[in-house]
1. Here is a list: A:295, A:248. Which entry is under 21 Å from residue A:153 (Cβ atoms), more than 14 Å from chain B (Cβ to nearest Cβ) and either of a type in the set (Ser, Thr, Tyr) or without any contact (Cβ under 8 Å) to a residue 60 or more places away in the chain (or both)?
2. Go through (1) under 28 Å from residue A:361 (Cβ atoms); (2) in contact (Cβ under 8 Å) with a residue 12 or more places away in the chain for residue A:481 and report which single condition fails.
3. If we keep just the residues of the stretch A:150-186 that are among the charged types (D, E, K, R) and either on the phi > 0 side of the Ramachandran plot or within 14 Å of chain B (Cβ to nearest Cβ) (or both), which is surrounded by the most Cβ atoms within 10 Å (Cβ to Cβ)?
4. When you go through (1) out of contact with any strand residue (DSSP E or B) (no Cβ under 6 Å at 6 or more places or on another chain); (2) of a type outside the set (Lys, Arg); (3) over 28 Å from residue A:584 (Cα atoms) one by one for residue A:309, which number turns out not to apply?
5. As an exercise: evaluate residue B:540 against (1) touching a strand residue (DSSP E or B) at 6+ places or on another chain (Cβ under 8 Å); (2) on the phi > 0 side of the Ramachandran plot and give the number of the one condition it does not meet.
6. Can you find even one residue in the stretch B:118-135 that is exposed (fewer than 15 other Cβ atoms within 10 Å of the Cβ), more than 14 Å from chain A (Cβ to nearest Cβ), basic (Lys, Arg) and within 30 Å of residue B:477 (Cα to Cα)?
7. For the stretch A:491-510, name all the residues that are closer than 15 Å to residue A:530 by Cα and either touching a residue at least 60 places away in the same chain (Cβ under 8 Å) or within 30 Å of the chain's Cα centre (by Cα) (or both).
8. So residue A:190 passes all but one of these: (1) within 11 Å of chain B (Cβ to nearest Cβ); (2) surrounded by 24 or more Cβ atoms within 10 Å (Cβ to Cβ); (3) in contact with a Gly (Cβ under 9 Å, 6 or more places away or on another chain). Which condition number does it fail?
Number of protein chains: 2
Amino acid sequence: MSVEDILQEIREEVRAILPASIRVTDIDFEGAQLVIYTKDPDKFADNSDLVRQLAKKIQKRIVVRPDPSVLESIEVAEKKIREILPEEANIANMYFEPDIGEVTIEVEKPGVAIGKHGSLLNDIKRETGWTPKVIRTPPMPSKTVQEIRGYIRVNAEERKEFLRRLGRRLHRGVSDGEKWVRMTSLGGYREVGRSCTLLSTQDSKVLIDCGVDVSSSGSGSPYIHLPEVLPLESIDGVVVTHAHLDHSGLIPLLYKYGYDGPVYCTYPTRDVMVLMQMDYLKVSAENAKKPPYLSEHIREEIKHSIPLNYGDTTDIAPDIRLTMHRAGHILGSAICHFHVGDGLYNIAFSGDIKYEQTLLFSPAATHFPRLEALVLESTYGGSKDIQPSRKKAIEKMRDVVQATLQRGGRVIIPVFAIGRSQEVMIVLEQLMRDGEIPKVPVYLDGMIWEATAIHTVYPEYLNNKLRQMIFQEGENPLMSEIFERVDSYDKREEILDSPDPAIVLATSGMMNGGPVLEYLKKWGDDELSSLIFVGYQAEGTLGNKIQKGWREVTVSNQTIELKLNVETCEGFSGHSDRNELMNYVKNVTPKPKRIIVNHGEESKCLDFASSIYKKYKIKTIALKNLETVRFR
Amino acid sequence: MSVEDILQEIREEVRAILPASIRVTDIDFEGAQLVIYTKDPDKFADNSDLVRQLAKKIQKRIVVRPDPSVLESIEVAEKKIREILPEEANIANMYFEPDIGEVTIEVEKPGVAIGKHGSLLNDIKRETGWTPKVIRTPPMPSKTVQEIRGYIRVNAEERKEFLRRLGRRLHRGVSDGEKWVRMTSLGGYREVGRSCTLLSTQDSKVLIDCGVDVSSSGSGSPYIHLPEVLPLESIDGVVVTHAHLDHSGLIPLLYKYGYDGPVYCTYPTRDVMVLMQMDYLKVSAENAKKPPYLSEHIREEIKHSIPLNYGDTTDIAPDIRLTMHRAGHILGSAICHFHVGDGLYNIAFSGDIKYEQTLLFSPAATHFPRLEALVLESTYGGSKDIQPSRKKAIEKMRDVVQATLQRGGRVIIPVFAIGRSQEVMIVLEQLMRDGEIPKVPVYLDGMIWEATAIHTVYPEYLNNKLRQMIFQEGENPLMSEIFERVDSYDKREEILDSPDPAIVLATSGMMNGGPVLEYLKKWGDDELSSLIFVGYQAEGTLGNKIQKGWREVTVSNQTIELKLNVETCEGFSGHSDRNELMNYVKNVTPKPKRIIVNHGEESKCLDFASSIYKKYKIKTIALKNLETVRFR
């Protein structure tokens, strides 16, 4: 049966179930959903059981949308909404999405805008036809998020067309005959960087991550040109575990090469990866390196993105269902769980995980409905990769900062924009709030501010404690007044020339570029100041050299004699250390039949794999790149 | 540099080296060779160092051929050759190949035709321009061989065009950058049947075997539709280890699906596999099963075949060089050794091997110039798969045959056409010659006669003892007068109705079809006769049932009560038993770094793999179908 025949059959079934009084104008697939357009959205709302009944009968996720003809014009609707909502709700923005009949209303006080039991929302719906969605005005506006959302709105028609195409593809059915499940390692196996895996069945192909190895002297690309990957049109979907470039950096390249399917990721991952990719292009250009793709390819990625929240389950191929679970690594990072076939096989890709409560996130999820295989990172999988506790790390940070500020010095902390920056920000805010270190300005230079802004857009992705502070107590430590954005050359010069005590968080994290070098050049010979490393410094980077004890370094043809105090605060990592990884394996349920270790130096992958086997008697494989393992 | 540029450069180099007096009319790639056409072939012959010098300089295999203009017409040449050769040489046939300027002369007495120090050959060359090749008239003419050779001659032009195309492809050069070597299991892993493996590098793709599982209820095809295999045009070459259908059965299917590259195999493998494939089509038609391909696809395979002898080395891709070594399993069976890159990696595919001197063949080769990985069959790899010695098997055969004939019974031996048939023929001939059993006719029914004829065409592929008997003593036991061909219905009826003692070798080997059933139907209730199994009887076959003790069976709707004596003579297998396989691993040099076991039931593959590892500490993998292993 063709997809069109299937759809026709479904349409007839829907019409048979619905009362004749409900006027249906269109029924179609949009992605994995079946969307019903109606001139009587109220009647659906009045009969809440109807959608459930339909979903049960048709075995699809059902979405009901008002037919465009019952919507007031945007101008009139906007006016009416402003009349309906009390002044004190304080509307900041309204975004209309005509294709789905939804209006997003950004307000300062969502409670006021919603009204008792949603009464105001009902008023809006009745008077305008639009379905209102109320969100809190992001306290720290993110340009990235605004632009992405705006871009999607502007391209709503094209996106709907894409979703309908995708819907047809997802419902193409599965072949008869033998079923199998396998994965092919395309990058990031026995190495870190360029993570990429192909998950394939007799009917489907899914790519998990498509990262770039930024430290590579070559293209740093995974093996996406293998015959089993091509043509890219044959890929059903790309799934992204998280936004770091070693997992997401080359997704736009797929669009450049002709891919035009969906990208599945969490909402924050979508936004952060776009930020990272744009910056990647910028840095490439600055370093006179030919960028592998253009910003138009990032825009294609945005247009084709299908964002999910943790716990959402969606069909991404006729025989593959995806669910995202929290990974604890960075904002939006996910363990991606694939349910293949109808109970045929279940496999989870950890991406990068942190199996410990951090200042920002809850630990990685360990419970899955079913699980036969686990692909697990092993960045710190070596037997000696034990990190100090967060508590010890904070104490050390406190002592170094305190001593430095006390003697009148300044503190430079090189950080990556995403993850560790926000972790360190929370530490500093806490220490200042508790009076453990003096209150001085903390300057955020580089992409950190924007990255932090995205964190404030998605408070529901932060850990319980932080969420509670934000929602219940109205205090977001990331937005403390101690943080100051360095958003211009002049501002930076002003800080550099000022004799006042200060803490600077600046990119890049390994000092191989970025504004952090300006601070080093200026303050490097000041013996009162301190440079604090909070993250891993890779071999060959300037950070690594300084950490190893070099006291004379060359930065942009300028030789600097370093006199400042160099310290390292371990324990802020977004990665699980060896003990946490082993605990993760112990606690994951159900116990997987096999574990494929990846994302670690070769020796660590081998060590970790054999340790898991010895301790838990789970079959492990330290796969190499370019290999294929069959699960079923 | 393009292939045409490379060729142009080579042409200039050749012309620079050759004396001006040698008139060259064309220089081109044909397959892996560089062919020089000249109007002065004599001058090349006079200066034997010239070709060596060219080969050294150009690093290619050089072939010199007379320009067609210096060849006498076929009519005149044939007349002159008949004049030159003495009557007693006894010319049976002459085959002219104008494209290569060669004439093959079949004679009864090659020594006479060659003349002292090749004097007569020189005369022919001088007087006709043609290069003579003298071969002994096959004592038992094989229709298959004649037809294949004839077909290739008729299609000489098309074949030359194919070889030039192939030559260009082989010389396309290798890419810069990272090199890798991997193999993908497409069939025959943890199972027997449908053997097929993809060997691939960053530049090349080679298929090793493409068999069919004839016992399968489905298509019995390996996974040749995987994305990493397609498009078939991307495959550089297909290499066949031996002619059994589980290794060669679906090669014509590749041509049906658009493949138009070369098939590499030994000369006898080419001929035997064509015989087997033709029969496969015939049997499919008889069983009202749709054949997967047509005889025209077998003809394509013949046109694209590049036959080799043991020890020949040839480039089959820009970075892969193939050498065939004897495997001892059946006529022409080969261990295929691949040298990848320039010393990058060496891997041998055993195909099916017999590591013991049999009555027909020398044992499998164990020495390779270099060897990092070995893909090894494990048909009898289970720890209990120990077979009696050939000597014991022969004794049992003698006793059973003797007793049966003595009491006036007849002997039925179900056999496959290739391999075991000829082994049993030699046993019976020997026993009769030595007077250990009475001299009675041995009837060969089914394809056995034709298969045996192909054996007589290639005496150099038989073991030393047999070769010596044939060449030195002029006695070929396969051609003994005791053997009689059953080539018609009437002949079979005559045998069936005769009361005389007789031995019948008839196909099929597992009694699931073929003429053997006629003998069973007629003689099954004769308690004086014997049925002797000499090969493995797979579950579900009639042979298996009878072997297990069934005494009432149904054959083509006819119920037969079996009264004859049922015996099994183990020990005639063409496969190594467990001990031989372990010995093979012990003796293979150099010692490979890893062994991939295949071609065995799952439990045997696993048992064999772990036994090898335990005993020899060589890393082993019992790969599943659909997996990929990376070597480099």
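The values are calculated or read from the model by the stated rules, or taken from the named source; none is laboratory data. Given the structure is predicted, the values throughout are model-derived calculations rather than measurements. Because the Cβ atoms are built from the backbone with ideal geometry, glycine has one as well, and the counts that use them run over all protein chains shown.
1. Going through A:295, A:248 in turn, just one is under 21 Å from residue A:153 (Cβ atoms), more than 14 Å from chain B (Cβ to nearest Cβ) and either of a type in the set (Ser, Thr, Tyr) or without any contact (Cβ under 8 Å) to a residue 60 or more places away in the chain (or both): A:295.
2. With respect to (1) under 28 Å from residue A:361 (Cβ atoms); (2) in contact (Cβ under 8 Å) with a residue 12 or more places away in the chain, residue A:481 is out only on (2).
3. Filtering the stretch A:150-186 for residues among the charged types (D, E, K, R) gives A:153, A:157-161, A:164-165, A:168-169, A:172, A:176, A:178-179, A:182.
So of that shortlist, the ones also either on the phi > 0 side of the Ramachandran plot or within 14 Å of chain B (Cβ to nearest Cβ) (or both) come out as A:176, A:178-179, A:182.
Details: A:176: 7, A:178: 10, A:179: 17, A:182: 22.
Among those residues, the one meeting the criterion is A:182.
4. Of the numbered conditions (1) out of contact with any strand residue (DSSP E or B) (no Cβ under 6 Å at 6 or more places or on another chain); (2) of a type outside the set (Lys, Arg); (3) over 28 Å from residue A:584 (Cα atoms), the odd one out for residue A:309 is (3).
5. For residue B:540, the exception is condition (1).
6. Within the stretch B:118-135 (the criterion being exposed (fewer than 15 other Cβ atoms within 10 Å of the Cβ), more than 14 Å from chain A (Cβ to nearest Cβ), basic (Lys, Arg) and within 30 Å of residue B:477 (Cα to Cα)), the answer is yes, since at least one residue qualifies.
7. A:500, A:501, A:502, A:503, A:504, A:505, A:506 - these are the residues of the stretch A:491-510 that are closer than 15 Å to residue A:530 by Cα and either touching a residue at least 60 places away in the same chain (Cβ under 8 Å) or within 30 Å of the chain's Cα centre (by Cα) (or both).
8. If we test residue A:190 against (1) within 11 Å of chain B (Cβ to nearest Cβ); (2) surrounded by 24 or more Cβ atoms within 10 Å (Cβ to Cβ); (3) in contact with a Gly (Cβ under 9 Å, 6 or more places away or on another chain), just (2) comes out false.
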